[in-house]
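> Okay, handing you the structure first.
Every number in this text was worked out from the coordinates using simple rules, so none of it is lab data. These numbers were taken from a predicted model, which means no experiment stands behind them.
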């Protein structure tokens, strides 16, 4: 008999195998180490795994990745839906509804205020119909080329954070903790450091007096590029366009690649990096959101970047 319940002890080795099989793509292979990191430490507040079982055999799941969000000067409890999959032989509308029903129950029991997700085309309509998630943000993929050196006078740090002792890395990041006055996901130094500690990826940090950039080397459609994962401004600082340029130049110089990519919104930047890639080449990233306190679509974010998703 198929049942749905919260899984309190996740076997990451078997879950990664099930997820890889469920997606059925030769290019998608789930990593047990990444799943464990993401579910336990990636967003600073742990997670809840809603799993489907046929007897004792796990056949699918959906994950609530807990985090904090700042809204109008106060911190609220939020969760992000990720990793929805069901093995092909067990897929049915009834099972999907059961998974979503348990998600909603856990959110209400946990007094979660905000639910959000970055869905693919298939799950977007399910999210809307079964969980009342609405389109919230559309983030075009932006790209550019940087061939110049950063100004030495403006750059204070440019290196991999895992090269530093944890205490020194936290000290560096502490000046760029997100303030409660800025609407968006909340990050302090420790949670941000854990966020950029994915065991399957490499990250670097680049900082000026007023601005921090987290970057990573990635490959898309055969092209190596520098992914600008997120910018974080020092609270109450006025960021200049030259600081943004210096950090992008530093990231491209560090990774030895001139092409950079960014997706997100950030009101602290004078302008977003690069130029939007036309929709015919790359669809914008859709963010869906539900506010459990209100049926009105009144929530507004000042900042939402790839570091705020499980994409990086």
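> Of the residues 134, 91, 249, which exhibits the maximal mean-square fluctuation in a Gaussian network model of the chain defined by a 10 Å Cα contact cut-off?
91
> Quick one: divide the alpha-carbon radius of gyration of the stretch 2-132 by 2.2 N^0.38 Å and tell me what you get.
Numbers: Rg = 14.6 Å, N = 131, 2.2 N^0.38 = 14.0 Å.
Rounded to two decimals, the normalised Rg is 1.04.
> Tell me the Kirkwood hydrodynamic radius of the stretch 142-276 in angstroms, computed as one over the mean inverse distance between distinct C-alpha pairs.
Numbers: mean 1/r = 0.0669 Å⁻¹.
So the Kirkwood estimate lands at 15.0 Å.
> Dividing the alpha-carbon radius of gyration of the chain by 2.2 N^0.38 Å (N being the number of residues), what value is obtained?
Working: Rg = 19.7 Å, N = 312, 2.2 N^0.38 = 19.5 Å.
Scaled against compact globular proteins, the figure is 1.01.
> Between helix 12-23 and the chain, what is the angle of the helix's C-alpha long axis to the longest principal axis, kept within 0 to 90° and rounded to the nearest 10?
80
> In the calculated pair distance distribution of the stretch 206-312, what percentage of Cα-Cα distances lie above 25 Å? List each step's numbers first, then the result.
Values: 1491 of 5671 pairs.
Summing the P(r) tail past 25 Å for the stretch 206-312 gives 26 percent.
> Still on this structure: Mean residue ellipticity at 222 nm from the helices of the chain, using -39,500 (n - 2.57) per DSSP H segment of n ≥ 4 over the full residue count, to the nearest 500 deg cm²/dmol? Present the calculation step by step, with values, prior to reporting the outcome.
Details: 7 runs with 77 residues, N = 312.
Calculated at 222 nm, the ellipticity per residue is -7500 deg cm²/dmol.
> Just want to confirm a number: the relative contact order over the chain, from Cα pairs under 8 angstrom separated by 6+ residues, in percent.
On the way: 630 pairs, mean separation 64.2, N = 312.
Taking the mean separation of contacting Cα pairs over the length of the chain, I get 21 percent.
> So for the stretch 82-169, what percent of the C-alpha to C-alpha distances run longer than 15 Å?
Considering the stretch 82-169, 75 percent of its Cα-Cα pairs are separated by more than 15 Å.
> Looking at the stretch 2-132, send over the antiparallel percent of its DSSP beta bridges, to the nearest 5. All intermediate terms of the calculation are to be shown ahead of the outcome.
On the way: 25 of 29 bridges.
Bridges in the stretch 2-132 that DSSP calls antiparallel: roughly 85 percent.
> Still on this structure: Can you tell me the convex hull volume per residue for the stretch 122-194, based on C-alpha atoms, in Å³ to the nearest whole number? It would help to have the intermediate numbers written out before the result.
Details: hull volume 14.5 nm³, N = 73.
Looking at the stretch 122-194, the number lands at 198 Å³ per residue.
> Given an 8 Å cut-off on Cα distances and at least 6 residues of separation, report the relative contact order of the stretch 2-132 as a percent. List each step's numbers first, then the result.
Working: 193 pairs, mean separation 29.2, N = 131.
For the stretch 2-132, the relative contact order is 22 percent.
> Right, another one. Quick check: the distance between the Cα centres of the stretch 19-78 and the stretch 118-192, to the nearest angstrom?
18
> Please compute, for the alpha-carbon atoms of the stretch 3-54, the extent along each of the three principal axes and give them in descending order in Å.
Principal extents (Cα only, largest first): 32, 27, 14 Å.
> Using a Gaussian network model of the chain whose springs link C-alpha atoms within less than 10 Å, name the residue from 191, 27, 208 with the highest mean-square fluctuation.
Maximum among the listed residues: 27.
> With springs only between Cα atoms under 10 Å apart, run a GNM on the chain and tell me which of 206, 225, 111 wobbles the most.
The residue that fluctuates most here is 111.
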